[in-house]
Amino acid sequence: MDVTIHGCRGSTPATGAAFDRYGGDTSSVSVARSDALPRLVLDAGTGLRRLADLLGDQPFRGSILLSHLHWDHTHGLPFAPSVDHDDADIDLYLPAQEGDPLDVLSRAMGPPHFPITPAQLRGQWRFHFLEAGSHEIEGFEVLASDVPHKGGRTLGYRVSDHVSSVAYVPDYWLTQASAEPVDLVTGVDLLLHDAQHVESEMQAKAFLGHSSVEYVIDLARRHGVRHAGLFHHDPARTDDEIDEIIRRCRQPDLEITAASAGWRYRT
């Protein structure tokens, strides 16, 4: 399995030299089989534009799974040349909810908020609701599970090629009532998890609906994760500050990486 991060910033893009190394684009990750082009994309934040780094001028043909519908997970759709392409062929899945999937997605992407709707993207598009449970998508086994996050239904994903696995939980509301995403994370090779805050910030920022670096590391250690990827960095967190977080949080029994745009994980 070949996992590539195209964007890992949370909430809104960050620009400037202080954010260059980890990247300022928002959530988007592609998954491919070894030595193949990606057929599965997790989320469509502004990082989706970087899918062209792998595909070049070729169109994307495959499936996009949205974890939820917040702007930082959808705003890349009309700006990514690999998906807004005459020859693209895409199934887009979003968490099941009341209404029609295209209508739900068009509430934020369409007039008066945006000049076109998803139905006007170039290529062949099919829009679907996805329920929690096990699914076979693009040759991968995909487990979708509800996770707590503020402001709309949110799914986390576990993707497996029957040899290795990655868990993707980009937004997670760490509250006392939260149910841990045990079914998604147990024993995975790579965990990409919301680590927008550090523990000392949680009292002031818990209402925003995110998680802490310390929680992710504890979760990974307790559930046999091989490699923990800190994801969804605070938009104000500079590269140097992320470096310091990694320095402080090193563990002798767990590999920890701060996700960065362009980072690839291969198993």
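The values are calculated or read from the model by the stated rules, or taken from the named source; none is laboratory data. It should be emphasised that the depicted structure is a prediction, and the values quoted were computed from it without experimental measurement. Ideal geometry is used to build each Cβ from the backbone, glycine not excepted, and the neighbour counts take in all protein chains shown. Note: areas computed on protein heavy atoms with side chains; ligands, DNA, RNA excluded. Shrake-Rupley method; radii C 1.70, N 1.55, O 1.52, S 1.80 Å.
Here are some notes:
- Residues of the stretch 122-233: accessible area per residue with a 1.4 Å probe, Å²: 40 Å²
- If you run the Gaussian network model on the chain, springs between alpha carbon atoms under 10 Å, then out of ARG248, ARG226, ARG61 the most flexible one is ARG248.
- Solvent-accessible area assigned to carbon and sulfur over the chain amounts to 49 percent, based on a 1.4 Å probe.
- Nearest-ten-degree value, helix 213-222 long axis tilted from longest Cα axis of the chain: 80 degrees
- Close amide H partners of GLN124, meaning residues 5 or more places away or on another chain with modelled amide H under 5 Å apart, are ALA88, ASP89, ILE90.
- Angle of helix 239-249 to the longest C-alpha principal axis of the chain, folded into 0 to 90 degrees and rounded to 10: 50°.
- Counting only DSSP H runs of at least 4 residues, each contributing -39500 (n - 2.57), and dividing by the residue count of the chain, the helix-based mean residue ellipticity at 222 nm comes to -3500 deg cm²/dmol.
- Across the stretch 79-90, coupling constants 3J(HN,Hα) worked out from phi with the 6.51/-1.76/1.60 Karplus curve, θ = phi - 60°, read 10, 9, x, 6, 9, 8, 9, 4, 9, 5, 9, 9 Hz, and Gly and Pro carry x.
- The chain, dipole about Cα centre (Lys/Arg Cβ +1, Asp/Glu Cβ -1), debye to the nearest 20: 180 debye
- Between SER67, SER30, SER134, the GNM of the chain built on Cα springs shorter than 10 angstrom shows SER134 fluctuating the most.
- Relative contact order [Cα under 8 Å, 6+ residues apart], the chain, whole percent: 19 percent
- Most tightly packed first, judged by the mean number of other beta-carbon atoms within 10 Å of their residues, the peptides 143-151, 228-236, 71-79 read 228-236, 71-79, 143-151.
- Cα gyration tensor category, rounded, prolate or oblate, for the stretch 163-255 with a/c compared to 1.5: oblate
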